[in-house]
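Just so it is clear, none of the values below were taken in a lab; they were calculated from the coordinates. What you are looking at is a predicted structure, and each value in this text was computed from that prediction instead of being measured. Glycine also receives a Cβ, built like all others from the backbone with ideal geometry; neighbour counts cover every protein chain displayed.
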Amino acid sequence: MLEAIRPIELVVGLLAAGATLIGLYIGYQAFRAWGRHRDPSMRYLAVGLILLTAVTYSTSFVGTVLIHLRLLSLPQQDWFWLVVHAAQFTGLALIAYALHRRP
């Protein structure tokens with residue numbers, strides 16, 4: 001049986017959606033900069049930002065909904081969160097690479 005959504009859950013969901021949209025906007029701007037300047041560092045920065053924000057927030061949101069609906073078992077939840085954290089790690093690594101990359 002579905003439970004009512006608590007106000008705090010609604011706020012968290014809205015913040016996750018907002019962070020996803022802002023992350024997509026920042027990633028889009030970084031891709032535009034890469035298109036103008038053709039600096040490969042900007043491409044790594046853009047992909048890293050999109051992974052770190054849009055992918056992880058939207059994936060976490062979907063996972064939270066699936067857990068709330070009890071559609072994911074405990075072992076599935078572990079794998080799901082592994083994917084989320086791997087995307088975060090990859091995004092951060094790409095950003096760090098973009099910042100320290102030598103032309």
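Results, tabulated for the structure shown:
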quantity	calculated
Rounded to whole Hz, the Karplus (6.51, -1.76, 1.60) HN-Hα couplings of segment 41-55, x for glycine and proline	4, 5, 5, 4, 4, 4, 5, x, 5, 5, 4, 5, 9, 5, 5
Top positive-direction residue, dipole computed over the chain with Cβ charges, set Leu69, Ala98, Tyr25	Ala98
3J(HN,Hα) from dihedral phi, segment 62-67, Karplus parametrisation 6.51/-1.76/1.60, rounded to Hz, x for glycine, proline	4, x, 4, 5, 5, 5
Cα-based Rg and Dmax for the chain, where Dmax is the largest Cα-Cα distance (Å)	16.4, 57
